[in-house]
Amino acid sequence: MLKICCIGAGYVGGPTMAMIAKKCPDVEVTVVDVNERRIAAWQSDDLPIYEPGLDEVVKEALGRNLFFSTDIDRAIRAADVIFVSVNTPTKTFGAGAGCAADLQYWELCARRIREVAESDKIVVEKSTLPVRTAEAMERVLHAGDHGAHFEVLSNPEFLAEGTAMADLENPDRVLIGGHDTPSGRKALQTLVDVYAQWIPRERILTTNVWSAELSKLTANAFLAQRVSSINAISALCEATEADVSEVAHAIGTDSRIGPKFLRASIGFGGSCFKKDILNLVYLCESYGLKEPADYWRQVVLMNAYQESRFVTKMLRSMFNTMAGKRIAVFGFAFKADTGDTRESPAIRVCRQLLDERAAVTICDPKALDNARMELGDAAERVRFELDPYKACEGAHAIALLTEWTQFKELDYERIYASMEKPAFVFDGRNILDHQALYDLGFEVYSVGKALKSHYVS
Ligand code: NAD
Ligand code: UGA
């Protein structure tokens with residue numbers, strides 16, 4: 001029986017390993033983490049992350065061929081294949097602070113593996129890493145006088161939160177990079193055989209290690225670039241009365257452009273887009289490639305502009321003062337169908353609203369706990385409310401920041417009646433029925449669309 005160990009039981013390690021265990025009953029999967037609470041939660045009825053469909057998959061395999069443990073050394077020793085799925089955040093200190101990836105967690109894992117392993121291992125980079133990290137890892141793993149051989153593969157993960165289970169079950173592709181050596185080819189085949197148990201072989205792409213590493217950063221950079229591109233156009237739409245949804249549809253029907261990832265918004269969030277682009281920028285700079293670095297950095301700058309533009313619009317339309325005004329913030333997660341708030345645009349938007357001394361009430365079906373943590377000390381000045389109707393009582397404005405379906409289905413007539421007048425809606429995701437809201441009496445602001453106001457002609 002093939003034994004897999006995964007170090008890191010987070011948003012990637014948990015779901016990916018649960019899917020492998022579900023699809024490959026003949027493979028034993030153990031997920032380990034230093035975080036005891038997380039490991040306990042994975043074995044409880046209250047999983048540490050919210051992801052549609054995840055509970056069922058974990059339940060099916062847990063205790064059969066899926067195990068969670070804090071005994072990292074034991075799992076490493078027993079494993080044939082070790083996935084490393086630890087966090088790789090942006091470095092906050094020293095050289096490259098604010099741009100480079102912080103690789104200390106990956107390196108700690110590599111050192112641990114070398115220290116405790118008693119036999120040959122395939123070590124798989126699941127975390128998103130700078131290109132050529134595998135080279136450094138091989139050096140760490142083989143440093144000293146270790147009898148065992150470690151074959152490093154790169155198998156970046158492309159799942160998106162909120163759709164992780166569908167993405168894992170039916171991915172566009174699985175990418176595996178390995179060395180073109182006898183042991184590299186053998187290791188690569190071992191991993192291909194795992195995925196081939198449910199993924200058509202033609203969707204399992206094999207490349208050299210560096211291409212796999214760089215493809216992950218490139219995919220995220222291209223996706224984020226599309227969001228920044230349409231957001232840049234949304235600003236121009238607002239100045240010209242063009243409608244960004246119509247523009248997105250018109251260009252998206254060109255098969256060379258395609259319709260996806262063209263939703264204008266308050267900006268992209270999530271733990272990875274910004275961090276991975278900055279990582280790419282840093283890589284370009286380290287190879288002396290200033291123009292490519294500047295090109296990609298602009299995607300991140302555009303995103304920050306879009307966030308602050310939204311708050312500026314709120315301030316200007318609410319007569320240049322929000323002090324003491326109650327704002328109901330609809331949604332804090334960085335996107336719908338997840339409780340994840342990492343790098344959510346809502347963090348910056350809420351902080352700016354608090355700077356304006358607005359009285360902020362945050363309403364989110366899954367992210368209130370994370371929102372509280374994310375805002376730190378500022379959370380003391382915020383109300384958290386699960387019920388959107390209560391959040392709106394006496395409010396001057398609604399700021400919709402996450403595209404949860406339930407926000408579309410509310411009784412806005414009831415909400416309008418309970419709000420201060422004039423009542424404003426700022427739809428940062430363009431998901432509401434703007435004409436219907438306007439007809440109810442709301443002042444309606446969206447992203448990249450003409451203002452619907454009862455007062456401005
Ligand atoms: P996460 O923070 O949710 O999980 C990482 C886990 O690793 C944590 O639970 C942490 O305790 C654990 N960990 C850290 N150091 C450890 C060590 N030395 N030993 C044991 N456990 C350790 O992060 P995540 O969102 O799962 O992301 C992991 C990697 O996957 C990152 O590189 C990220 O860029 C990449 N990625 C994330 C997503 C996503 O949707 N979140 C998608 C694709 C790729
Ligand atoms: C993204 C990628 O889509 C995944 O392929 C990748 O594996 C992952 O990053 C990662 O490496 O972590 P994720 O961040 O979970 O996934 O979610 P996305 O659906 O990509 O959305 C990212 C952000 O962009 C969200 O804030 C979303 O609201 C925003 N977005 C997305 C838009 O504003 N407009 C769009 O048209 C699409």
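I'd like to know if segment 274-292 contains one or more residues that are away from ligand 1 (no atom under 16 Å from the Cβ) and within 18 Å of the chain's Cα centre (by Cα). No: zero hits.
Residue check: is Ala248 of a type outside the set (D, E, K, R), surrounded by fewer than 22 Cβ atoms within 10 Å (Cβ to Cβ), more than 16 Å from ligand 1 (Cβ to nearest atom) and assigned to a helix (DSSP H, G or I)? No: the conditions fail for Ala248.
Among residues of segment 314-334 that are closer than 17 Å to Gly428 by Cβ, those with a beta-carbon under 6 Å from a residue that is β-branched (Val, Ile, Thr) and part of a loop (DSSP other than H, G, I, E, B) at least six positions away or on a different chain give the pairs Gly331/Thr402; Phe332/Thr341; Ala333/Thr341; Ala333/Thr402. Enumerate the pairs (first residue in segment 2-24 and on the phi < 0 side of the Ramachandran plot and part of a loop (DSSP other than H, G, I, E, B); second residue anywhere and within 16 Å of ligand 2 (Cβ to nearest atom) and of a type in the set (A, V, I, L, M, F, W, C)) with beta-carbon separation below 9 Å, excluding pairs fewer than 6 apart on the same chain, so at least 6 apart or on different chains. Listed by first residue and then by second, the contacts come to Ala9/Met17; Gly10/Ile49; Gly10/Val86; Tyr11/Ile49; Tyr11/Leu159; Tyr11/Ala164; Val12/Leu159; Val12/Ala164.
Filtered by the rule that a residue be of a type outside the set (Asp, Glu), assigned to a helix (DSSP H, G or I) and surrounded by fewer than 22 Cβ atoms within 10 Å (Cβ to Cβ), segment 413-436 gives Arg414, Tyr416, Ala417, Ser418, His434, Gln435, Ala436.
Of all residues in segment 168-175, none are farther than 24 Å from Cys24 by Cβ and either crowded, with 22+ Cβ neighbours inside 10 Å or more than 25 Å from the chain's Cα centre (by Cα) (or both). In segment 50-77, which residue that is more than 25 Å from Ala117 (Cβ to Cβ) and charged (D, E, K, R) is surrounded by the most Cβ atoms within 10 Å (Cβ to Cβ)? Filtering segment 50-77 for residues that are more than 25 Å from Ala117 (Cβ to Cβ) and charged (D, E, K, R), the one surrounded by the most Cβ atoms within 10 Å (Cβ to Cβ) comes out as Glu51. Screening Leu410 against (1) without any contact (Cβ under 8 Å) to a residue 60 or more places away in the chain; (2) in a loop (DSSP other than H, G, I, E, B); (3) over 25 Å from Gly162 (Cβ atoms) leaves a single unmet condition, (3). Among the residues making up segment 61-90, those that are in contact with a strand residue (DSSP E or B) (Cβ under 8 Å, 6 or more places away or on another chain), within 13 Å of ligand 1 (Cβ to nearest atom) and of a type outside the set (Val, Ile, Thr) are Phe68, Ser69, Asp71, Ala75, Phe83, Ser85, Pro89.
In summary, Glu151 fulfils each of the numbered conditions (1) under 19 Å from Val209 (Cα atoms); (2) touching a Ser or Thr at 6+ places or on another chain (Cβ under 8 Å); (3) within 16 Å of ligand 1 (Cβ to nearest atom); (4) of a type outside the set (Lys, Arg) with the single exception of condition (3). The residues of segment 78-97 that are assigned to a loop (DSSP other than H, G, I, E, B) and either outside the structural domain of Ser119 (by TED's automatic domain parsing) or in contact (Cβ under 8 Å) with a residue 60 or more places away in the chain (or both), listed by number, are Ala79, Asp80, Ser85, Val86, Asn87, Thr88, Pro89, Gly96. Gly448 passes every criterion in (1) surrounded by fewer than 22 Cβ atoms within 10 Å (Cβ to Cβ); (2) assigned to a loop (DSSP other than H, G, I, E, B) apart from (1).
In this structure, is Val244 touching a residue at least 24 places away in the same chain (Cβ under 8 Å), closer than 30 Å to Val124 by Cα and more than 23 Å from the chain's Cα centre (by Cα)? No; evaluated as a whole, the condition is false for this residue.
This table checks each residue for (1) closer than 24 Å to Glu246 by Cα; (2) within 27 Å of the chain's Cα centre (by Cα).
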{"site": "Ala397", "(1), (2)": "no, no"}
{"site": "Phe407", "(1), (2)": "yes, yes"}
{"site": "Ser418", "(1), (2)": "no, no"}
{"site": "Leu437", "(1), (2)": "yes, no"}
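Restricting attention to segment 193-218, the residues being out of contact with any helix residue (DSSP H, G or I) (no Cβ under 7 Å at 6 or more places or on another chain) and surrounded by 17 or more Cβ atoms within 10 Å (Cβ to Cβ) number 6. Scanning segment 98-118 for residues that are out of contact with any Leu (no Cβ under 6 Å at 6 or more places or on another chain), more than 18 Å from Glu343 (Cα to Cα) and not in a loop (DSSP other than H, G, I, E, B) yields a total of 11. Quick check on segment 202-224. Is at least one of its residues farther than 28 Å from Gly10 by Cα, part of a helix (DSSP H, G or I) and not assigned by TED's automatic domain parsing to the domain that holds Tyr11? Checking segment 202-224: not a single residue is farther than 28 Å from Gly10 by Cα, part of a helix (DSSP H, G or I) and not assigned by TED's automatic domain parsing to the domain that holds Tyr11.
The values are calculated or read from the model by the stated rules, or taken from the named source; none is laboratory data. Note that this is a predicted model, so its numbers are computed, not measured. Neighbour counts are summed over all protein chains in view; Cβ atoms, including those assigned to glycine, are modelled from backbone coordinates with ideal geometry.
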